[in-house]
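**Q** Starting off with a structure, shown below.
The values are calculated or read from the model by the stated rules, or taken from the named source; none is laboratory data. The model shown is predicted, which means the values in this text are computed figures rather than measured ones. Backbone-built Cβ (ideal geometry, glycine too); neighbour counts: all protein chains shown.
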């Protein structure tokens, strides 16, 4: 076996392991609405999810892959050791969240995992992180919450009081059911456009370094090849972890109807896709999705009732803990690798 093969094997295995965990976490925002509204069976979710994630990554994932591969940490520092550390740290953080059944932000964990070695080597792109990425993390969930809250309060709730949304004819309509399924596929596509880059971006830069290729000329091609390897693992992760997380998100925060499911899915996916194709910002669809669900829930039940729910508190706690785990583990492993002359 050649040294090059050995160098590439471990990071690619780490990327696939990460993608499996991302697939488990990303299943919730994709299909929690459809599953909670009894539109789709859990057995078909992994296949549909995997296909749409792959299409999203290939067709709309260039921007976020570039951000994760080149714009936070200098691409020449994306060696096989550093990339292995980054991907392993994120995977462990997400594995903990998945085992607890908490949908987690893969993008935030990955960004902080990359930030750790960038900070250690004094190569961090502060402008990209603090002026673009972090503000987007706060702004998108707030926008998602208020859009769905306003729709829920001033459009959906009045229609519900008049009985339109309770109509069996409307709720059992094949058109509405098809629309919910389309929205779920749309969400999965948006995940592909944004989250596959978490693994494919660093892998692309590392591969270019190991093959001594020119970054600007070859990055997109190598990124596509990396995506072909990484994206299918999302479907595997969905089949392993997806059901537990989908059930928690769809049934344990607030019960919502089919029309609400369309609103939640459309708002969540549109905001994430917008962040992906305009600025290439790696963002959290999980948080945008839960914010949308909370917006609808608050419109129906009020702030006090919805935020008393235990699962909501668990979500918020894990959203803080998992990225910090990724950061400190990545920082520790980078320090150890540097002291052992492995970099």
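**Q** Filter segment 68-83 down to the residues that are in a helix (DSSP H, G or I) and buried (at least 24 other Cβ atoms within 10 Å of the Cβ), then identify the one that is nearest to the chain's Cα centre (by Cα). Show your work before the answer.
**A** Keep residues of segment 68-83 that are in a helix (DSSP H, G or I), which gives 68-71, 75-77, 80-83.
This time we only want the ones that are buried (at least 24 other Cβ atoms within 10 Å of the Cβ), so: 68-69, 82-83.
Details: 68: 13, 69: 16, 82: 22, 83: 19 Å.
That would be 68.
**Q** If the requirement is being modelled with pLDDT of 80 or more, under 27 Å from residue 151 (Cα atoms) and assigned to a helix (DSSP H, G or I), which of these qualifies: 329, 294?
**A** Working: 329 fails: under 27 Å from residue 151 (Cα atoms).
294 is the lone residue from the list that is modelled with pLDDT of 80 or more, under 27 Å from residue 151 (Cα atoms) and assigned to a helix (DSSP H, G or I).
**Q** Would you confirm whether any residue within segment 301-322 is over 23 Å from residue 149 (Cα atoms), touching a helix residue (DSSP H, G or I) at 6+ places or on another chain (Cβ under 6 Å) and at pLDDT below 70?
**A** Yes, there is a match, as at least one residue in segment 301-322 is over 23 Å from residue 149 (Cα atoms), touching a helix residue (DSSP H, G or I) at 6+ places or on another chain (Cβ under 6 Å) and at pLDDT below 70.
**Q** When the residues of segment 268-288 are narrowed to those that are surrounded by fewer than 24 Cβ atoms within 10 Å (Cβ to Cβ) and assigned to a helix (DSSP H, G or I), which ends up nearest to the chain's Cα centre (by Cα)?
**A** The extreme case among them is 273.
**Q** Only one of 48, 59 is farther than 30 Å from residue 82 by Cβ and modelled with pLDDT of 85 or more; which? Talk me through it step by step, then tell me what you get.
**A** Numbers: 59 fails: farther than 30 Å from residue 82 by Cβ.
That would be 48, the only listed residue that is farther than 30 Å from residue 82 by Cβ and modelled with pLDDT of 85 or more.
**Q** Right, something else. Can you name the number of the only condition in (1) touching a residue at least 24 places away in the same chain (Cβ under 8 Å); (2) over 16 Å from the mean Cα position of the chain (by Cα); (3) assigned to a helix (DSSP H, G or I) that residue 97 fails?
**A** The one condition residue 97 does not meet is (2).
**Q** Kindly check whether there is at least one residue in segment 212-222 that is in contact (Cβ under 8 Å) with a residue 60 or more places away in the chain, assigned to a loop (DSSP other than H, G, I, E, B) and under 23 Å from residue 86 (Cα atoms).
**A** The initial filter retains those residues of segment 212-222 that are in contact (Cβ under 8 Å) with a residue 60 or more places away in the chain, namely 215, 219-220.
In the following step, the residues that additionally are assigned to a loop (DSSP other than H, G, I, E, B) were identified as none.
No, every residue in segment 212-222 fails to be in contact (Cβ under 8 Å) with a residue 60 or more places away in the chain, assigned to a loop (DSSP other than H, G, I, E, B) and under 23 Å from residue 86 (Cα atoms).
**Q** Hey, another quick one. Inside segment 119-189, counting only helices (runs of 4 or more DSSP H) that do not spill past its ends, which hold 1 or more residues that are at pLDDT 95 or above and under 27 Å from residue 38 (Cβ atoms)? Write out each step before concluding.
**A** On the way: elements: 134-151, 157-161, 168-171.
Ranges flagged: 134-151.
**Q** For segment 122-138: of the residues being under 16 Å from the mean Cα position of the chain (by Cα) and without any contact (Cβ under 8 Å) to a residue 12 or more places away in the chain, which is surrounded by the fewest Cβ atoms within 10 Å (Cβ to Cβ)? Show your work before the answer.
**A** Filtering segment 122-138 for residues under 16 Å from the mean Cα position of the chain (by Cα) gives 133-134, 136-138.
Adding the requirement that they be without any contact (Cβ under 8 Å) to a residue 12 or more places away in the chain leaves 134, 138.
Working: 134: 14, 138: 10.
If we take residues in segment 122-138 being under 16 Å from the mean Cα position of the chain (by Cα) and without any contact (Cβ under 8 Å) to a residue 12 or more places away in the chain, then 138 is surrounded by the fewest Cβ atoms within 10 Å (Cβ to Cβ).
**Q** So which of 192, 235 ends up being buried (at least 20 other Cβ atoms within 10 Å of the Cβ) and within 17 Å of residue 107 (Cβ to Cβ)? Full working, then the answer.
**A** Working: 235 fails: within 17 Å of residue 107 (Cβ to Cβ).
None of the others qualify; the one that does is 192.
**Q** Shifting gears a bit: Considering only segment 16-67, state which residues are outside any helix (DSSP H, G or I) and more than 13 Å from the chain's Cα centre (by Cα).
**A** Applying the first criterion (outside any helix (DSSP H, G or I)) to segment 16-67 yields 37-41, 61.
37, 38, 39, 40, 41, listed by residue number.
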